[in-house]
Every structure is written in structure tokens, then in C-alpha cells.
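The structure appears right after this line, and notes come after that.
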Amino acid sequence: MNFNLEQFASDNYSGICPEAWEYTLKANQGSTPAYGNDQWTQKASDKFRELFEIDCEVFFVFNGTAANSLSLAALCQSYHSIICHENAHIETSECGAPEFISNGSKLLLAQGENGKLTTASIEALLLGKRTDIHYPKRKVISLTQATELGTLYSLDELAAIKALAQKHDLKIHMDGARFANAVVSMNKSPAEITWKSGIDVLCFCGSKNGMALGEAVIFFNKELAEDFAYRCKQAGQLASKMRFISAPWLGLLETGAWLKNARHANQCAEYLENELLKIAGIEIMFPREVNAVYANLPERVVTSLRAKNWLFYSFLGVGGVRLMCSWNTTQARIDEFIQDIKQAIV
């Protein structure tokens with residue numbers, strides 16, 4: 001297998017984009033104070049404040065699991081609970097980290113079409129289960145934008161969830177693993193789909209958008225960020241050479257590469273979907289709204305593709321395969337993939 005070839009398993013497979021790499025090299029010139037007390041971290045934090053049009057608190061951690069788990073722990077006590085979709089990453093793919101780092105906060109799972117929570121599914125967990133002292137108290141709603149199934153919460157859906165959260169005194173966390181892709185697809189400002197829609201804290205992913213690693217945890221409600229730096233330190237997420245996380249972020253934000261990369265990934269997924277729809281016997285499972293295509297492929301096709309060393313994920317409970325495009329996906333590589341599907345079907 002040639003591991004340098006583009007694959008469709010995850011946008012985590014892609015390398016570092018030129019803008020992130022350039023700023024990493026710039027940050028590598030000489031020495032600078034450690035633990036985030038450097039100009040790169042300050043500039044990147046200020047750039048986020050400019051981008052979101054608000055004076056927010058910004059923290060940088062190594063990965064998404066830490067970002068989600070630490071931010072949820074900041075919103076909860078151990079006797080609280082977090083409402084999330086049954087397919088949410090914090091439930092299916094973080095090895096119990098949110099519960100562990102929060103010292104026991106319980107995840108309450110809700111259903112919802114196309115990977116999205118609804119006010120009805122949230123209220124079912126608020127009102128349909130026990131509310132006495134023997135059951136964890138509801139405290140947080142966790143949304144993913146874009147969702148794990150590649151769909152988007154509209155502004156109206158976010159507004160409805162915001163109203164419900166305010167009614168029940170709940171905080172709202174947003175897992176932004178593919179937040180950049182959502183911004184491009186919705187053609188809305190980052191502010192509109194976060195704090196203006198009631199989001200208290202956003203975990204903004206860099207590694208899926210062209211960085212080597214690094215997430216930005218952004219508290220729009222600054223009171224909730226009290227002592228968060230200590231949480232990061234205790235969890236081993238305080239980078240001594242913080243500039244090598246924050247400088248690539250600055251590269252994405254200053255150059256606009258975060259939007260360019262997301263737009264390219266979304267467009268590649270659209271092209272892939274259109275090509276798949278031309279092939280009889282293939283079903284698109286969910287609306288394609290960002291850079292993920294979920295498709296039902298005949299089992300013989302899946303077997304043939306894997307034999308040719310194509311990499312993609314299959315998900316228990318969802319079915320089908322997920323085909324993910326990234327900032328460096330090419331149309332030529334998509335065409336190769338489509339050709340192998342056609343050969344397998346014949």
C-alpha cells in the first residue's frame with residue numbers, strides 16, 4: 001500500500017497545509033516564552049476574538065477529546081448530566097473521557113433524525129426521566145456542528161434549542177470538529193452560529209482543517225472559564241511550547257486558509273456524491289451538507305475496495321460507509337475511487 005495516497009477514511013489522514021506549515025516555521029525562529037506566554041499565542045487568541053466578534057477566553061489543547069472533555073467538565077459537576085445525540089463523538093468515540101475528566105458526569109443519549117438533537121428529544125430527557133435527587137441533574141446540552149453524520153443545525157434549530165436551554169437553565173457546548181466546514185456551508189458568520197445562537201463554549205478543531213494537531217477551546221461565557229488553565233495543566237494539556245499549536249492557528253486565520261480548506265473539502269464531497277449518484281445500486285444515506293458522504297454500497301463492492309487498499313470507515317448502528325474529504329483531496333483521486341466502484345459492480 002502507498003500510504004502517501006489520499007484516502008477517504010478521515011480528514012485526520014491529511015497532512016499539514018502550506019499556511020499552517022509556514023507559520024510553524026516562522027514560530028521556530030529563535031526562542032520565546034513557554035506555556036502560552038508568547039506572541040503567537042496572544043496574536044492567535046486575539047484573532048479568534050476578532051473572528052467571533054466578542055471578547056472570549058481562548059485556550060489551546062492538543063486534541064479534540066481533551067477539548068470536549070475538559071470544557072464539559074468546566075460546565076458540570078460530577079452529579080450533573082449532559083444531553084447529547086446517541087451518535088455524538090463524546091458518546092461513541094472518546095473512551096469515556098467526558099465522564100472520567102468530569103469525575104462522573106453522566107451522558108444522557110437522545111435520538112434525532114440525521115444525527116441532530118431536537119427540542120422534542122431534549123425535552124424527553126428533561127421531563128420524561130426522573131428529576132429527584134437520586135438521578136443526575138441535567139446541566140448541559142452538547143451539540144456537534146457539523147454533526148457526526150455530516151449534517152447541519154440551521155439557525156432556526158439552534159434558536160429553538162437556545163430557548164429551551166434558557167428555559168431549563170442549561171449550558172450549551174458545541175463540538176466543532178468540523179466547524180469550519182459548517183461555516184462555509186451555511187454561509188453564516190462564526191458569531192451567528194455560536195454565541196449569538198446560545199453556545200457557551202466551542203471546541204474548534206484545527207487538525208481536521210490542515211493543522212498537525214491542536215484545538216481551540218473558546219469560552220463565549222467567560223465566567224465559565226474560571227480556572228480552566230488549571231484543568232488543562234492537570235490533564236497534561238498545557239503545552240510547554242504552546243506556540244507550535246497557536247502559530248499554525250494564526251496561519252489558518254490570518255490567511256483565510258481555514259475557510260479555503262473547508263470549502264475545498266466540501267466541494268470535493270459534493271463532487272464525490274454526484275459521481276456516486278450516477279451509479280445504479282448505490283444509496284446516499286444522509287443529506288450531504290459538509291465534507292462527509294455516507295453511502296450504502298453492496299457488500300461485494302466494499303470487499304473489492306478494501307482488497308485494493310482503499311480506506312474508509314463503517315459505523316455500527318449507522319450502517320453503510322463514511323467517505324470523508326479533506327483540504328488536500330483531489331478530483332483525480334475521487335475519479336480513481338469511482339472507477340474501482342464501477343469495476344466492482346460490473
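The values are calculated or read from the model by the stated rules, or taken from the named source; none is laboratory data. All values reported here derive from a predicted model rather than from experimental measurement. Heads up, the Cβs are rebuilt from the backbone with ideal geometry, glycines too, and the neighbour counts pull from every protein chain shown. Heads up: the accessible areas ignore ligands, DNA and RNA and are worked out on the full protein's heavy atoms, side chains in. Shrake-Rupley method; radii C 1.70, N 1.55, O 1.52, S 1.80 Å.
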Return the residues of the stretch 68-115 that are of a type in the set (S, T, N, Q) and more than 13 Å from H173 (Cα to Cα); say none if nothing qualifies. Q77, S78, N87, T92, S93, S102, N103, S105, Q111, N114
Scanning for something over 18 Å from C205 (Cα atoms), at pLDDT 95 or above, out of contact with any Pro (no Cβ under 7 Å at 6 or more places or on another chain) and open to solvent by 20 Å² or more (accessible area, probe 1.4 Å), does the stretch 59-73 turn up at least one residue? no
What do you reckon, is L126 touching a His at 6+ places or on another chain (Cβ under 7 Å) and open to solvent by less than 40 Å² (accessible area, probe 1.4 Å)? yes
Test of understanding: among L117, L109, which residue is open to solvent by 40 Å² or more (accessible area, probe 1.4 Å) and outside any helix (DSSP H, G or I)? L109
So, in the stretch 144-162, exactly how many residues are touching a residue at least 40 places away in the same chain (Cβ under 8 Å) and either among the aliphatic types (A, V, I, L, M) or touching a Cys at 6+ places or on another chain (Cβ under 6 Å) (or both)? 7
From A191, A262, which residue is surrounded by fewer than 18 Cβ atoms within 10 Å (Cβ to Cβ), within 17 Å of Q145 (Cβ to Cβ) and in contact (Cβ under 8 Å) with a residue 60 or more places away in the chain? A191
Sole exception among (1) open to solvent by less than 30 Å² (accessible area, probe 1.4 Å); (2) assigned to a helix (DSSP H, G or I) for N12, by number: (1)
Given the criteria open to solvent by 30 Å² or more (accessible area, probe 1.4 Å), assigned to a strand (DSSP E or B), of a type outside the set (F, W, Y) and outside the structural domain of L272 (by the TED database), does L143 qualify? no
Listed residues Y35, Y23; which is open to solvent by 100 Å² or more (accessible area, probe 1.4 Å) and not small (G, A, S)? Y35
Sort out for me the strands (runs of 3 or more DSSP E) sitting completely within the stretch 192-297 that have 3 or more residues that are over 22 Å from G36 (Cα atoms). 292-296
Quick one: how many residues across the stretch 166-183 are part of a helix (DSSP H, G or I) and buried (at least 22 other Cβ atoms within 10 Å of the Cβ)? 5
Taking I83 as the residue in question, decide whether it is touching a strand residue (DSSP E or B) at 6+ places or on another chain (Cβ under 6 Å) and either among the aliphatic types (A, V, I, L, M) or open to solvent by less than 10 Å² (accessible area, probe 1.4 Å) (or both). yes
Would you confirm whether any residue within the stretch 47-61 is over 27 Å from A159 (Cβ atoms) and either part of a helix (DSSP H, G or I) or outside the structural domain of A160 (by the TED database) (or both)? yes
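Going through K222, K196, K233 one at a time, which residue ends up being on the phi < 0 side of the Ramachandran plot, basic (K, R), touching a strand residue (DSSP E or B) at 6+ places or on another chain (Cβ under 7 Å) and open to solvent by 40 Å² or more (accessible area, probe 1.4 Å)? It would help to see each step written out before you state the result.
Working: K196 fails: touching a strand residue (DSSP E or B) at 6+ places or on another chain (Cβ under 7 Å); K233 fails: touching a strand residue (DSSP E or B) at 6+ places or on another chain (Cβ under 7 Å).
On inspection, the qualifying residue turns out to be K222.
Can you tell which of S197, S246, S240 is within 19 Å of Q145 (Cβ to Cβ), out of contact with any His (no Cβ under 7 Å at 6 or more places or on another chain) and of a type in the set (S, T, Y)? If you could, list the steps in order and put the result at the bottom.
Numbers: S246 fails: within 19 Å of Q145 (Cβ to Cβ); S240 fails: within 19 Å of Q145 (Cβ to Cβ).
Testing whether each residue is within 19 Å of Q145 (Cβ to Cβ), out of contact with any His (no Cβ under 7 Å at 6 or more places or on another chain) and of a type in the set (S, T, Y) leaves just S197.
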